[in-house]
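Structure first, then comments.
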Amino acid sequence: MRRREIELASVLVLIGTMLVDMIGFGIVLPLLPYYALRFGASDWMVGPLVASFSMAQLLAAPFWGKISDRYGRRPLILVGLACSAVSYVLFGLATTVTVLFISRIVQGASGGTVAVAQAYVADTTAPERRAQVLGWLSAASGAAFMVGPAIGSWAWRWGGHAAPGLVAAALCLVNLGFAWRFLPEPAEAWGREAGSRLAVPPLSDVLRSAVREPLSRMIAVYFLGMGAFASITAIFPLFLQTRFGIDESTIGYVFLYIGLVSVLVRGATVGPLVRHLGEPFVSRLGAALLGVGLGLGAVADTYPLLGLSFTFIAGGTGTLFPPLAALISRSAAPEVQGSTLGINQFFGGVGRVFGPLWGAAVFDIYGSGAPFLTAGVGASLAFLLTLRLRRSEVLVAESARASRVESGSEVAS
């Protein structure tokens, strides 16, 4: 019982750390398109600006995961927080689109810590509780997107253009000090570092495992779902401005509602649903809700219909991604969980690169509803793939790993 209490305390500190980190992200993200347009960018340029973050994250995530497998989770999380603070300062001081691009690239490169945080959870929780804890981690992201944009709108009204970025940087530095003092290294990672540092497999081996069933199917679902969601986040503020006249001073309240739904779904619903229905079924449900929400967004022209669309989208992402991350971690060997989750973030990053590029281009050419329609197609394809997910495949993979561990112990003895 004592060990479980220590593990729970470690996870709670991690969740608090990631919550504050994502609050900073939430402060900046909704304001980005408005700043870009004010600096002379056209609508289509918002896509590359948003995608630059994901491109940097795409390149960084697998290496963050692999390095954390070798050297531990905690040092990489601390470095990521420091880099985030730098990026927020750049955002606050930016007066050109070029500086905005630089700030997004720095922030994206430090955003590879998402995979490290997921691996931290995998190190400190039993497989049967992993989906619930990953749901809590996702709930922290939802809470950040509830609080962060509201803080950003308040800071913009209070201090003007530079204030949101500087507030985000200050929060990040406080968070870095908190994590330095209270975030421990997982015992599982310490054992792996001391006993098998040289046994960490090459990244090429992890990539080969990621294209085998059932991992490849899960990663494909993650890619399609993330790409669909990312394609609308790029143009979301422009969509709200075009249809409802929402600007920097009020967009925070829209995200407040979306974040509230995300917290309720991810924090209170995912765990019980997975326990009763299993990860594959809950992922299926999430993909279906996401597709319906995107379809409603395409035709939303009133606040009630817009709120219904947001509810389905937030509920869909909340019940799609945490169970998928749990399935992927349970399908990977313990010594490569960080690397495998990093590979998953890599393919999710591909979706976050091409999604915004596609969404902004479609918005610029065909109007505000078109990105939601095309994103709905991607979510529908993800749903079709979830129909082929089977929990039994994961249990078989876990049994095979346990057999290999037992065989290795017998040989060693």
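Summary of computed values
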quantity	calculated
Residues within region 166-206 that are modelled with pLDDT under 85, of a type outside the set (A, V, I, L, M) and loosely packed, with under 14 Cβ neighbours inside 10 Å, tallied	8
Neighbours by Cβ (under 9 Å, 6+ apart or cross-chain): first from region 36-49, charged (D, E, K, R); second surrounded by fewer than 21 Cβ atoms within 10 Å (Cβ to Cβ) and not in a helix (DSSP H, G or I)	Arg38/His161
Residue match in region 139-149 (condition: at pLDDT 90 or above and buried (at least 17 other Cβ atoms within 10 Å of the Cβ))	no
Close pairs (7 angstrom Cβ cut-off, 6 or more residues apart or separate chains): closer than 20 Å to Leu37 by Cα and hydrophobic (A, V, I, L, M, F, W, C) in region 72-99, in a helix (DSSP H, G or I) and at pLDDT below 85 anywhere	none
All positions within region 275-316 that are within 22 Å of Leu387 (Cβ to Cβ) and out of contact with any helix residue (DSSP H, G or I) (no Cβ under 6 Å at 6 or more places or on another chain)	Arg275, His276, Leu277, Phe281
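The values are calculated or read from the model by the stated rules, or taken from the named source; none is laboratory data. Because the structure is a prediction, the values reported are computed rather than measured. So basically every Cβ, Gly included, is an ideal-geometry build from the backbone, and we count neighbours across all protein chains shown.
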